[in-house]
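What follows draws every value from the coordinates through simple rules; no lab data is involved. Fair warning: this is a prediction, and the values are worked out from it, not measured in the lab. Ideal geometry is used to build each Cβ from the backbone, glycine not excepted, and the neighbour counts take in all protein chains shown.
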Amino acid sequence: MRGTFAGLFFITLTILLLELTLIRALDVLWYPNLAYMIITMAMLAFGLAGVFTALAKTISAEAASNRLFWLSLLFCVFTLILFPILNEITFDLNRFPFAPIRTTLHFIVIYVFLALPFFVGGVILTIIFSLHDRYIQQLYFWDLLGASIGSVLLVPLLPKIGPVGLILASAGIGALAAAFFTKSKIKATLSVAIAVLCILPPFAKTDGYFDFTLHMNKRNIKDLKINTEVTIWDPISRIDVIDFKPEFKWIAYDGGTQASYFYNFDGDFAKLRQSLPANTRQHFWGRYVLLSHYLKRDTEQKVLVIGSAGGQEIKAALTFGAAEVDGIELVGSVVELGKGRYSAYSGNLFNHPKVKNVKGEGRTFLRSTMKKYDIIQIMSNHTSSSIAAGTGAMATNYLQTADAYREYFEHLSKDGVLHINHHIYPRMITTAALAWKQTGRRNFRDHVLVFEVPGVQDNLPTLLIKMTPWTEKEVAEAKTFMKSKLVEMPARFGPGFLSAEFYSGEFPAELAARIDYRVTPVTDNQPYFNHIRKKINRVESDAENFMSKSVSRLLNSRIKAGIPTDIVHFFISGGTALILSSIFLFVPLFFSEVGRSRWSRKGSFLLYFSCLGAGFITYELIFIQIFMKLIGYPLYTYTTIVFTFLAGAGLGSYFSHRWKFSPDRSWFIPFAGIVLYTCLFLLFYQPLFDSLLTADTRVRIGVSIIIILPLSFCLGMPFPLGILAVANQAKGAVAWGWAFNGLFTVVGGLASVLLSIYLGFQATLIIAGATYILGFIAYARMRQTASIDQTAVLLGN
């Protein structure tokens, strides 16, 4: 079995590496929600492989070895094909209204080719599990160990060889797996040679990356790509620096999903200040970047910029006399470019003696310091990577929650100002109002100013929250400086667009139900700030119901050819899963030996593997979000959680074999452990996290692994126990169970996002625990059909 164990290790390693690589690549080529959608649909093919194997004829061990060899090489071929397919067949949803048939066909072709490697990989796994079911606990250990290693390889390898290089490497690892599935030295040598030929080129390339053709013309990047000076595949975001105009270099994040600029600046702050505000656009996006710094000018102010990007906020702070400026930028490559290659071009901002600009995450930085700031500035800062955010289904935004606002308020000086430019200011106000009330403060409206460009879709309205009430002089100065309209202000200075309820910290449910978009406060338990859509059709501005033109036009801009692109992935992924669920159930039921054979508890068997798929992925995805608070850095959080879940589950499977767990012995222990852990975690995780927030990042990651390991250890036992319980059923039972496990992994992933949006993370964890309770009940019934001598076989080994 050693060759099988090794081959299984490498094939699961490359499957997960390929999955993460494709998600990251499609974040750039498309948008995160569309990338999530198509990879989710492709992963359904992983489960569909179980249906295929359940229908296939029984083969001998020798024939299986030969088939596994050729299937691994086929995985290599299908993976290699992805590069030319994604280069030559492009998909742009924005083109759908103009070329619906062509766009749809392109999408289908891309989907089919994306699904093929996962289908072949699924067939390999189901053959191994079906043929060697009595070794399932060891097999599942090597399966999860390989997947856990694959989950961490993306971080160090992506900056070195890019996603195309990783696709080539994934193909090579698939060929390497083939070498372990054959006893032929010639075949093994051939496989290793193919592996070397696939893996070597991206590492040997010295002039940049092998790269994809961009699919979508986000912010017109396809027209400007010929002027690209630098391309870096940072683990957080792909960065392209483009020579756009003489005044600035354009920093394109993830193919134009987000943007910033390195402005051409000679470093003369006195001359720059004299030219303002008339020449604002030559050095900044607009006057809204400068407002808080202008109001705090020449007061030896201390400034924190969360999301420093190209440095315009840092430049604004220095221009108006800041004594200290701390800049935090999540994408380390941008920090390095600002300090290095583009330092002289941008006026040496990041190397200025008053500036400390570092790679980091805003809230993590705040928790690590007791420093008070006169200005905290955030300019529409959030990651566009679905991996870094932890989910592509619906982006989380932990900088726009009541918990985040409390941290901002705690780090502002007595007269400090919070300065945020971000869309949907009504929701920012309800969220900040909740935080204000939670900190024991009153009269929030007296502390708020909002500027918005009237009559247009202003995606960056200016929100200023001052720790002391705004004075008449300050409001007058702000109005004079800004060209946009003051739409929210203390009541004594005039009426605003929003009613008093928005500022109360207790937003009424009746009012929330009346408004045609979501304005309720956002918390860390439900951090979906940007999920505001209530209706799938177009909306109109309505002052009486607080629907501004900016919000209505933002919602309408996301509708293409009548399709709401911000939520379309839920409908397509869910619909695909629903359609395939009938295939997963009825095709094996009527056409396979295991489906046609009569054995009791067949329904319990399908329910059990469905519960395992849905429950495991729900725990994993929700823990990624919950531990974002403790670990802080999104990518570190994602990598830590996924690795710990997979490696811990693998260890659980291994020790379930060592401890001789079986359908007749100690089978209930992992279920009891999962439920007990869930209860204890929900009771104690918040105070435990609070006590660790100021610890070093490495300590927080280490503690996170220790906290998660008991749960993941228990989660690794139920699947092999299920295989042991049906090992002596008709041929195809193992493959059919695998199919339902794969199907409900996808269903559970979608459901976990929807549940967390509407119920929150804690309630969703309770549902995950309930899923395993249901699985326990199903197993208690299902194990009664297990062979009496299965335990004897297990004990004999």
Q.
So, R0 is 25 Å and r is the distance between the beta-carbons of residue 185 and residue 70; what FRET efficiency does that work out to, to 0.05?
A. 0.90
**Q.** Projected label distance in nm at residue 459 and residue 542, using a 7 Å step from Cα toward the beta-carbon
**A.** 2.5 nm
(Q) Viscosity 0.890 mPa s, temperature 25 °C: give me the Stokes-Einstein translational D for the stretch 327-471 in µm²/s, with Rh taken as the Kirkwood radius over C-alpha pairs. (A) 146 µm²/s
(Q) Compute the distance from the alpha-carbon center of the stretch 37-89 to that of the stretch 730-754, in whole Å. (A) 17 Å
Q. How far is it, in nm, from the label point at residue 780 to the one at residue 680 when both lie 7 Å from their Cα along the line to the Cβ?
A. 2.3 nm
Q: Would you pull out the residues with amide H under 5 Å of residue 559's amide H, same chain only if 5 or more places away, H placed 1.01 Å from N?
A: 565
Q.
To make sure I understand the rule: partners must be aspartates and glutamates, Cα under 12 Å from the Cα of residue 372, and not fewer than 8 residues away in the same chain. Which ones qualify?
A. 324, 326, 407, 410, 415
Q: Calculate the spin-label point distance for residue 197 paired with residue 300, positioning each point 7 Å from the Cα along the beta-carbon direction, and give it in nanometres.
A: 7.1 nm
Q) In the calculated pair distance distribution of the stretch 186-307, what percentage of Cα-Cα distances lie above 20 Å? A) 62 percent
Q) Taking every eigenvalue of the Cα gyration tensor of the chain, multiplying by 5 and rooting it, what semi-axes result, largest first, whole Å? A) 50, 29, 24
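If you average over every viewing direction, what projected area does the convex hull of the Cα atoms of the stretch 586-709 give, in nm²?
10.0 nm²
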Q.
What is the angle, in °, between the Cα long axis of helix 2-29 and the longest principal axis of the Cα atoms in the chain? Nearest 10 is fine, range 0 to 90.
A. 30 degrees
Q: For the chain, find the longest principal axis of its Cα atoms and tell me its angle to the long axis of helix 634-658, 0 to 90°, nearest 10.
A: 20 degrees
(Q) Quick check: Cα centre of the stretch 291-370 to Cα centre of the stretch 624-687, how many Å? (A) 40 Å
Q) When the Cα centres of the stretch 126-186 and the stretch 760-782 are compared, how far apart do they sit, in Å? A) 30 Å
**Q.** For the stretch 332-344, Karplus couplings with θ = phi - 60° (6.51, -1.76, 1.60), whole Hz, Gly/Pro x
**A.** x, 5, 5, 4, 5, 5, x, 7, x, 4, 10, 4, 5
Q.
Explain nothing, just the number: relative contact order of the chain, from Cα pairs under 8 Å at least 6 residues apart, as a whole percent.
A. 16 percent
Q. Along the Cα-to-Cβ line of residue 598, 7 Å from the Cα, sits a label point; which residues in the stretch 710-739 have backbone N less than 18 Å from it?
A. 729-731
